[in-house]
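Visitor: Quick one: the structure is below, and I'll ask about it shortly.
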Amino acid sequence: MSIKKSLLQFLLLISASYGLWFICYEYYLKPSGHLDHIITEYVTIGICNLLDISGYISHYTIALKPGETYIFVSPQVLPAVRVGASCNGLELLVLFSLFIICYPGNSLIKIPFVVFGNLLIHGINILRNYWLTLMTLHHSPYYDLFHRYVFIFMVYGTIFSLWILWANYFSGLNIHFKSHRLSIIALGILLLFLSLLKDYITPDYLNSPQAAFLSPKNLHVNPIFTFTSHPIYWLLSFLYSAIFILLPTYIIQLLYNKQMAIYIFWILLFIGLSEYALLFSQQTSLIYHVLPKINRYFHSPILLLFFIAALQLNVKKDGSN
């Protein structure tokens, strides 16, 4: 089965769009901090309003670092939490919006759908940060688990639902999945739990303490020479990355067909190899800007969810492949 022209156009368009956004954000918008500041402050205001409704007395101040705020809760003198640019959900808003904008469909419907989706995602992100603030105030031992994983997956699930909603009901294609199988759900849950190990096994030394030996501060040779000094770490890292190629590929085969699975396999293999090639290149600037993003999305369910929604373009209107 060949790839339909509409699917190929979509993949090329969204890749180019995200690439343009990435360059603009990482090298222009992020350093200035203006856009992050606006969204972060809205999130902070929402958190303070919910805290006030819950009986707390709160206020916030703008941090010196662009895109960050501090929330104070009486009677504490020190800030209870810091809301950073990584907490404002900007990147998720962009991912959702680009998908809908690039996906076929009525342009007049796209505008209100994008607005609705952004408001929904933004609202859920405010609730997420509000609950994390409460967990901080009550010194919850589960804060890190919810901060790094549980709430992130909740937001991912919302975005995926909106993608599928658009692909199936608002794009005008009226297409549906071929079938729903318990095995697919089980494999998806397995992938979800495996992604929890991302910060312990992957070579993203900017976010993974176990990969600190790869940092230029600690390493004065090419990382490839650490194969002999840390063989177990590299073996686990390669196997872990291989799982995030093979497991999504198999899920796609179950949902669609073998040919689609082969296409996804090569795409995921390219992304995975790019992560390691980038690390071995020792280009500090590129590693700082690109490596965490590749690692975050490659070793998570978000790419699988994206491909499931995108491949609806290759399904016939009767639901067959």
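Visitor: Any chance the range 98-119 includes a residue that's of a type in the set (K, R) and assigned to a loop (DSSP other than H, G, I, E, B)?
Guide: Among the residues of the range 98-119, not one is of a type in the set (K, R) and assigned to a loop (DSSP other than H, G, I, E, B), which makes the answer no.
Visitor: Kindly establish whether I100 is in contact with a helix residue (DSSP H, G or I) (Cβ under 9 Å, 6 or more places away or on another chain), of a type in the set (A, V, I, L, M, F, W, C) and in contact (Cβ under 8 Å) with a residue 60 or more places away in the chain.
Guide: Yes: the conditions hold for I100.
Visitor: Is it true that I224 is at pLDDT below 85 and assigned to a helix (DSSP H, G or I)? Explain how you work it out, then say what you get.
Guide: Numbers: at pLDDT below 85: yes; assigned to a helix (DSSP H, G or I): yes.
So I224 fits the description; yes.
Visitor: Looking only at residues in the range 123-149 that are farther than 20 Å from S54 by Cα and not aromatic (F, W, Y), which one is nearest to the chain's Cα centre (by Cα)?
Guide: Per the stated criteria, the residue is R148.
Visitor: Go through (1) over 17 Å from F298 (Cβ atoms); (2) in contact with a Gly (Cβ under 8 Å, 6 or more places away or on another chain); (3) of a type outside the set (K, R) for S241 and report which single condition fails.
Guide: (1)
Visitor: Considering each of L268, L304, L291, L311 in turn, give the residue that is touching a residue at least 24 places away in the same chain (Cβ under 8 Å), in contact with a Phe, Trp or Tyr (Cβ under 9 Å, 6 or more places away or on another chain) and more than 23 Å from A186 (Cα to Cα).
Guide: On the way: L268 fails: more than 23 Å from A186 (Cα to Cα); L304 fails: more than 23 Å from A186 (Cα to Cα); L311 fails: more than 23 Å from A186 (Cα to Cα).
Among L268, L304, L291, L311, only L291 is touching a residue at least 24 places away in the same chain (Cβ under 8 Å), in contact with a Phe, Trp or Tyr (Cβ under 9 Å, 6 or more places away or on another chain) and more than 23 Å from A186 (Cα to Cα).
Visitor: Are any residues in the range 28-58 under 14 Å from N129 (Cα atoms) and either among the β-branched types (V, I, T) or in contact with a helix residue (DSSP H, G or I) (Cβ under 6 Å, 6 or more places away or on another chain) (or both), and if so, which ones?
Guide: Residues satisfying the conditions are I39, T40, V43, T44, I45, G46, I47, L50.
Visitor: Kindly establish whether I152 is part of a helix (DSSP H, G or I) and under 15 Å from the mean Cα position of the chain (by Cα).
Guide: Answer is yes for this residue.
The values are calculated or read from the model by the stated rules, or taken from the named source; none is laboratory data. Only a predicted model underlies this, so the values are computations on that prediction, with no experimental measurement involved. No Cβ is skipped: glycine too gets one built from the backbone with ideal geometry, and neighbour counts run over all protein chains shown.
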